[in-house]
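Chemist: Have a look at the structure that comes next, please.
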Amino acid sequence: MSKISLTTLQKMKQEGEKIAMITAYDATFSRLFDDEGVHSILVGDSLGMVVQGHSDTLPVTMDDMVYHTANAARGVQNALLIADLPFMSYSDVKSACHNAARLMAAGAKMVKIEGGAWLSETIQHLNRNGIPVCAHLGLTPQSVHVFGGFRIQGRDAQRAEEIYHDALALQAAGAQMVVLECVPEQLAERITKALRIPVIGIGAGAQTDGQVLVMQDAIGITSGYIPKFSKNFMAVTGDIRKAIRLYVEEVRSGEFPAAEHTFN
Ligand code: KIV
């Protein structure tokens, strides 16, 4: 596989080829995932939960993100490496630029931020400074306390419209990718069709341009709870490499996510 850029992912969307993304937080796993053909690796602030053991992502710091991004970057040859800006690190444009620059210097090729149209100015500034942005919409875990828990978003018409219009606004502001988390499949499909940039789903059904999973969920090493939208690929293969290969294959073929992983 050759080096994957945003242009590659854009072309995949245009050609109807599905994109497989997974999280990684260190060089061992990012290398393994890269070897097995994952198109994009996300150093997610989910590390606050799956690596640090917190109950949400809010305690994750910029230093944590820089450390894990640098580690994951050392294992990546071809996949596009994206890193999350953590809670409150992009609450104003100046902090966003300063902190995003730290992630890019650590090896990220794109940063991800959670939130709606209010982030438009931030995205414009990041773009002007050479930093591509992935917007995260739907269930944005940094706002878990605003939502009153990890709840599906966009089930009612008003919230669905809000998410849809946020997606359009963020694309217009210059976002080059969207992650859509825990929304009904019908809304995800509407957004995916409306946007020219790739839409990557997690708990958003099979109609998005690609899928992302937290690696611990995909290989079934979480401490008991596996979200409905996830699948333990290692239960099928009994081997991590084969599990990741199977994940990529099932995303590409459209076999994953199935109806049982989808919200309506
Ligand atoms: O932090 C993360 O791992 C994420 C994914 C769940 C999309 O944002």
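The values are calculated or read from the model by the stated rules, or taken from the named source; none is laboratory data. Here the structure is a predicted model, which is why all the values come from computation and not from measurement. Quick reminder, even Gly has a Cβ in these numbers, built from the backbone with ideal geometry, and neighbours come from all protein chains shown.
Chemist: Please go through segment 77-112 and give me each residue that is of a type in the set (S, T, N, Q) and either part of a loop (DSSP other than H, G, I, E, B) or under 22 Å from PHE33 (Cβ atoms) (or both), ordered by number.
Modeler: Keep residues of segment 77-112 that are of a type in the set (S, T, N, Q), which gives 77-78, 89, 91, 95, 99.
Hits for segment 77-112 are GLN77, ASN78, SER89, SER91.
Chemist: Still on this structure: Name every residue in segment 172-225 that is small (Gly, Ala, Ser), outside any helix (DSSP H, G or I) and crowded, with 23+ Cβ neighbours inside 10 Å, in order of residue number. Walk me through it before giving the result.
Modeler: Taking segment 172-225 as the starting set, the residues that turn out to be small (Gly, Ala, Ser) are 172-175, 188, 194, 201, 203-206, 210, 218, 220, 223-224.
Still in the running and outside any helix (DSSP H, G or I): 174-175, 201, 203-206, 210, 220, 223-224.
Result: ALA175, GLY201, GLY203, ALA204, GLY205, GLY210.
Chemist: Taking the condition of being over 21 Å from HIS136 (Cα atoms) and crowded, with 24+ Cβ neighbours inside 10 Å, how many residues in segment 8-33 meet it?
Modeler: Count: 2.
Chemist: Being of a type in the set (Ser, Thr, Tyr) and over 26 Å from GLU161 (Cα atoms) is the requirement here; does SER89 meet it?
Modeler: Details: of a type in the set (Ser, Thr, Tyr): yes; over 26 Å from GLU161 (Cα atoms): yes.
Here the answer is yes, as SER89 does meet what is asked.
Chemist: Identify the single condition in (1) surrounded by fewer than 18 Cβ atoms within 10 Å (Cβ to Cβ); (2) within 21 Å of the chain's Cα centre (by Cα) that ARG252 does not satisfy, given that it satisfies every other one.
Modeler: Here ARG252 meets the rest and fails (1).
Chemist: Which is crowded, with 21+ Cβ neighbours inside 10 Å and either modelled with pLDDT of 95 or more or within 18 Å of the chain's Cα centre (by Cα) (or both), of ALA108, ALA157? Please lay out each step first, then the result.
Modeler: On the way: ALA157 fails: crowded, with 21+ Cβ neighbours inside 10 Å.
Selected residue: ALA108, the only one of ALA108, ALA157 that is crowded, with 21+ Cβ neighbours inside 10 Å and either modelled with pLDDT of 95 or more or within 18 Å of the chain's Cα centre (by Cα) (or both).
Listed here are the residues, each with its yes/no results for (1) in contact with a strand residue (DSSP E or B) (Cβ under 7 Å, 6 or more places away or on another chain); (2) modelled with pLDDT of 95 or more; (3) of a type outside the set (S, T, N, Q); (4) within 13 Å of the ligand (Cβ to nearest atom).
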| residue | (1), (2), (3), (4) |
| --- | --- |
| VAL43 | yes, yes, yes, yes |
| GLY48 | no, yes, yes, yes |
| LEU58 | no, yes, yes, yes |
| TYR67 | no, yes, yes, no |
| GLN77 | no, yes, no, no |
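Chemist: Being touching a helix residue (DSSP H, G or I) at 6+ places or on another chain (Cβ under 9 Å), more than 18 Å from ARG128 (Cβ to Cβ) and surrounded by fewer than 19 Cβ atoms within 10 Å (Cβ to Cβ): is that true of MET88 here?
Modeler: Values: touching a helix residue (DSSP H, G or I) at 6+ places or on another chain (Cβ under 9 Å): yes; more than 18 Å from ARG128 (Cβ to Cβ): yes; surrounded by fewer than 19 Cβ atoms within 10 Å (Cβ to Cβ): yes.
So MET88 passes the test.
Chemist: Do we find a residue being modelled with pLDDT of 95 or more, away from the ligand (no atom under 15 Å from the Cβ), basic (Lys, Arg) and under 17 Å from VAL212 (Cα atoms) anywhere in segment 14-25?
Modeler: The initial filter retains those residues of segment 14-25 that are modelled with pLDDT of 95 or more, namely 14-25.
Still in the running and away from the ligand (no atom under 15 Å from the Cβ): 14-18.
Applying the additional criterion that residues be basic (Lys, Arg) yields 18.
Filter again for under 17 Å from VAL212 (Cα atoms), leaving 18.
Yes; the residues of segment 14-25 include at least one that is modelled with pLDDT of 95 or more, away from the ligand (no atom under 15 Å from the Cβ), basic (Lys, Arg) and under 17 Å from VAL212 (Cα atoms).
Chemist: Between residues in segment 129-158 that are touching a residue at least 24 places away in the same chain (Cβ under 8 Å) and residues that are hydroxyl-bearing (Ser, Thr, Tyr) and loosely packed, with under 14 Cβ neighbours inside 10 Å, which pairs lie under 7 Å by C-beta distance while being six or more apart or on different chains?
Modeler: Every condition considered, no pair remains.
Chemist: Need pairs with beta-carbon distance below 7 Å; first residue farther than 16 Å from GLY37 by Cα and within segment 61-76, second of a type in the set (Gly, Ala, Ser) and in a helix (DSSP H, G or I); sequence gap 6+ or separate chains.
Modeler: Filtered contacts from segment 61-76: ASN71/ALA27; ARG74/ALA27.
Chemist: Can you spot a residue in segment 50-64 that is over 17 Å from the mean Cα position of the chain (by Cα), β-branched (Val, Ile, Thr) and closer than 21 Å to LEU119 by Cβ?
Modeler: Looking for residues that are over 17 Å from the mean Cα position of the chain (by Cα), β-branched (Val, Ile, Thr) and closer than 21 Å to LEU119 by Cβ, one finds at least one in segment 50-64, hence yes.
Chemist: Residues in segment 220-241: is at least one of a type in the set (Asp, Glu) and either within 14 Å of the ligand (Cβ to nearest atom) or under 16 Å from the mean Cα position of the chain (by Cα) (or both)?
Modeler: Our first condition is that a residue be of a type in the set (Asp, Glu); within segment 220-241, this holds for 239.
Then drop every residue that is not either within 14 Å of the ligand (Cβ to nearest atom) or under 16 Å from the mean Cα position of the chain (by Cα) (or both), which leaves none.
Within segment 220-241, none of the residues are of a type in the set (Asp, Glu) and either within 14 Å of the ligand (Cβ to nearest atom) or under 16 Å from the mean Cα position of the chain (by Cα) (or both).
Chemist: I would also like to ask the following. Does THR122 count as crowded, with 17+ Cβ neighbours inside 10 Å and over 18 Å from the mean Cα position of the chain (by Cα)? First the steps, then the outcome.
Modeler: Working: crowded, with 17+ Cβ neighbours inside 10 Å: yes; over 18 Å from the mean Cα position of the chain (by Cα): yes.
It is true that THR122 is crowded, with 17+ Cβ neighbours inside 10 Å and over 18 Å from the mean Cα position of the chain (by Cα).
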